[in-house]
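Chemist: Here it is, the structure in full.
The values are calculated or read from the model by the stated rules, or taken from the named source; none is laboratory data. Keep in mind it's a predicted model, so treat the numbers as computed, not measured. Cβ: placed from backbone, ideal geometry, glycine included. Neighbour counts: every protein chain shown. The accessibility values were calculated without ligands, DNA or RNA, using every heavy atom of the protein model including side chains. Shrake-Rupley method; radii C 1.70, N 1.55, O 1.52, S 1.80 Å.
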Amino acid sequence: MNNKDIRDVSGSLTIMRPPVPHLRKGVCHVMFAFELGLSVRLDEAAQRLKQDVERTKFRRNRRAPKYFDYDPPPLRILQHGQQINVGKFFTKPQAELTLFDFGGCSVCYQIDISGPMAHLVELGEVIYDNAFLLEDARERVRQLMEQLGDSISRANLSESVEDFVVYHLELFDGSNSFTQILEEGSREFASLLRAEKDELGDEEVRDCLGTRTSYGVKDCAVIDWNGAIFFGENVEDVRAVLEFCNLEFLEMRFLDEQLDDYLEKAYGVLTTGKKGDADLGKIARLQVDSALLYEAVENALKLLGDQYLARVYSLASLKFHLPEWNSSIRRKLDTLDSIYQKLSDAAAQRRSEALEWVIVTLILIEVAMGFWEKFG
């Protein structure tokens, strides 16, 4: 179906776009990312939970090397509950929680969707900053933390949270291809991803829908900072990658804020007149904690073997500005290391000076004893 050019009574040209076909079948995945603590002992956590728990492996929809997977595999926990009303739709009566060893947890709700595009745009508006869904997710995480107990190291539920929405649009009325549907309904899909009721401008539409990739002729993934749209079947592996990206974004934000606090404490120690080995040990602990969390998050997902999912991850990383967050964190880790080295050098100098005074004192004592023996 092509756009039609018509002229109004004034003679100006108006482009009439065909309406987006009704969605017959789709699922909306609403995800919330939380930070629970320094780390989680997953084997111990699985033993405590026992029911409705599995170690997550990627559902492989394409050929990929065996080493492509999580490392270590996180825990997938299914929690039952009540349906939640979201606009003209309802969530399914359960939620999936994915728990990672670096202390991150993602809560995912699923909403069966269908109908005209206007209903989906309305759903996007309702989901954006939905306080009820967020509080339900936070309460589920609190209950999980109570069950896990001391299997979480330094348990502390952070106030920071990141949400992300994946719209899996599987089947539309008519025979139009997904590419054609996306082009004809570009403004509606951009409004859906940006959770905007008003029609967006051309630049915003291009920016919103410009980040896309596909594996075959019958699928397409469009990725933005607030959500993503997937056309076709077999969305699970793409959704898992985007879920991890959202959680990684939260962890990078959390670590960046934590490093700001650590640097302030370290600078305070550096500028005080009295510095001891206890202060040096404190800075070393801060340094190690930050480095361990950073490395754990960076190494949790192995994507080198699946080029398509690597592209999905790369595009999502750019939308989340993860390279910039990584650069900022590395600079702050280097600064913390520099402060540690300065404190370490100062401590070594103090020990050297103390040793010199001990040697001088022993020499004086020996001289004094010699005089005593001779003249005493």
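Chemist: Could you please find all residues in region 209-228 being open to solvent by 20 Å² or more (accessible area, probe 1.4 Å), of a type in the set (D, E, K, R) and farther than 14 Å from Arg239 by Cβ?
Modeler: Arg212, Lys218
Chemist: For region 144-158: of the residues being under 14 Å from Leu99 (Cβ atoms) and among the small types (Gly, Ala, Ser), which is most open to solvent (accessible area, probe 1.4 Å)?
Modeler: Step by step, filter region 144-158, then rank; the result is Ala155.
Chemist: Consider Leu157 carefully, then state whether it is under 30 Å from Leu42 (Cα atoms), touching an Asp or Glu at 6+ places or on another chain (Cβ under 9 Å) and in a helix (DSSP H, G or I). Explain how you work it out, then say what you get.
Modeler: On the way: under 30 Å from Leu42 (Cα atoms): yes; touching an Asp or Glu at 6+ places or on another chain (Cβ under 9 Å): yes; in a helix (DSSP H, G or I): no.
No: the conditions fail for Leu157.
Chemist: If Lys342 passes every condition in (1) in contact (Cβ under 8 Å) with a residue 40 or more places away in the chain; (2) open to solvent by less than 90 Å² (accessible area, probe 1.4 Å) but one, which one does it miss?
Modeler: (2)
Chemist: Right, next: Residues being open to solvent by less than 20 Å² (accessible area, probe 1.4 Å), over 18 Å from Leu209 (Cα atoms) and among the small types (Gly, Ala, Ser): count how many of those fall in region 306-327.
Modeler: 0
Per-residue answers, yes or no, for (1) of a type outside the set (A, V, I, L, M); (2) under 20 Å from the mean Cα position of the chain (by Cα):
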| position | (1), (2) |
| --- | --- |
| Ala190 | no, no |
| Asp198 | yes, no |
| Arg206 | yes, no |
| Lys218 | yes, no |
| Val222 | no, yes |
| Glu236 | yes, yes |
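Chemist: I'd like the full set of residues that are of a type in the set (A, V, I, L, M) and either modelled with pLDDT of 95 or more or open to solvent by 50 Å² or more (accessible area, probe 1.4 Å) (or both), limited to region 170-186.
Modeler: Across region 170-186, the qualifying residue is only Leu171.
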